[in-house]
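*Asks:* The structure under discussion is supplied below as structure tokens; questions concerning it will follow.
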Amino acid sequence: MILRLRRYFVLALLSVAPLIQATELQNLQNLHEFRSDGYVTGTYVLIDNNLFERVREPGNRETYNSALKNMDQLLRKMDNPSDLRRPYDALVSLIRQLEGQSTEEAHYHLATVNQIMMAHAELDKAAAAAYDALTETAPQDLLTLHRQSLETNQILLLYQNSMFSSIGVYFVETKEGLFDEMDASISKRAGELRQLFPELEATFDQLEKQYNFIKPRLLDHRADWVPTIAAFYLLRNTSTLNNLSRDALKRGV
């Protein structure tokens with residue numbers, strides 16, 4: 001009798017294990033997309049407040065508010081973990097404070113923008129910790145797609161940051177040659193993705209073409225400023241990579 005119960009118990013565990021893994025992988029994807037939207041938010045807050053684009057486009061705020069809405073929805077899907085909800089709410093509060101300033105204050109007074117970037121870094125750090133806790137059993141294919149998307153977002157935000165002398169870089173440790181180091185990492189990983197997903201050659205050709213178009217601006221970021229164009233092309237890449245990771249998750253990579 002005891003032996004039979006043990007067998008039933010083992011069978012029950014075996015049947016539940018795939019469901020647990022599927023849930024963890026979905027949470028991993030949710031956390032990655034949460035971080036990705038956080039970088040979109042940071043990028044467009046900086047674009048909306050830089051001095052190199054004299055006309056403030058309404059689309060800038062629309063873009064970062066859409067990203068914030070996506071982040072809120074993802075938090076709800078993950079049952080609103082307090083370690084993410086608290087810094088998310090703090091980030092939103094600062095952005096609303098900035099939006100409530102007069103046009104002149106919002107465009108030239110950058111203290112609030114600096115606080116926003118600090119809040120983004122705190123939120124990203126918390127999301128990264130939650131993400132890392134779920135990576136042990138995750139397939140490398142999925143993790144590689146996530147990493148390429150994340151680092152593309154990071155080099156873009158670093159580029160946006162470089163337009164400001166009074167805004168600190170908080171989401172990554174800065175050092176000499178960081179742009180070159182990140183570029184080398186992105187380029188190397190692009191080759192790895194081609195090997196992991198040989199059937200997606202045309203897709204990766206397009207990603208490489210778009211990245212290489214912006215790459216000279218990234219590596220010589222003091223020469224000329226194209227904040228909106230850089231965001232347009234690099235966020236097309238991150239969007240494609242995020243879609244690929246969703247597809248890979250559905251297929252059960």
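*Asks:* Evaluate the charge dipole of segment 37-134 about its Cα centre and quote only its size in Debye, nearest 20, assuming +1 on the Cβ of each Lys and Arg and -1 on the Cβ of each Asp and Glu.
*Replies:* Dipole size: approximately 160 debye.
*Asks:* Under the classification rounded if a/c is under 1.5, otherwise prolate if a/b is larger than b/c and oblate if not, where does segment 173-253 fall, given a ≥ b ≥ c as square roots of the Cα gyration tensor eigenvalues?
*Replies:* prolate
*Asks:* Still on this structure: What FRET efficiency would be calculated for the residue pair ALA223, GLU173, taking the C-beta separation as r and a Förster radius of 35 Å, to the nearest 0.05?
*Replies:* Efficiency, from the Cβ-Cβ distance: 0.90.
*Asks:* List the GluC sites (Glu not before Pro) in segment 56-159 that DSSP assigns to loop (not H, G, I, E or B) and whose Cβ has at most 15 other Cβ atoms within 10 Å. Which are they?
*Replies:* The qualifying sites are GLU136.
*Asks:* Number of Lys pairs in the chain with C-alpha atoms less than 29 angstrom apart, excluding same-chain neighbours closer than eight positions?
*Replies:* Close lysine pairs under the 29 Å cut-off: 16.
*Asks:* By how many degrees, 0 to 90 and rounded to 10, does the Cα axis of helix 2-49 deviate from the longest principal axis of the chain?
*Replies:* 10 degrees
*Asks:* State which stretch of the chain is the longest one without any exposed trypsin sites (Lys or Arg not before Pro), exposure meaning a DSSP loop state and at most 16 other Cβ atoms within 10 Å.
*Replies:* Longest site-free region, per DSSP loop and neighbour criteria: 57-174.
Here, each number is a calculation from the coordinates, and none is a lab measurement. All values reported here derive from a predicted model rather than from experimental measurement. Neighbour counts run over all protein chains shown; Cβ positions are idealised from the backbone, glycine included.
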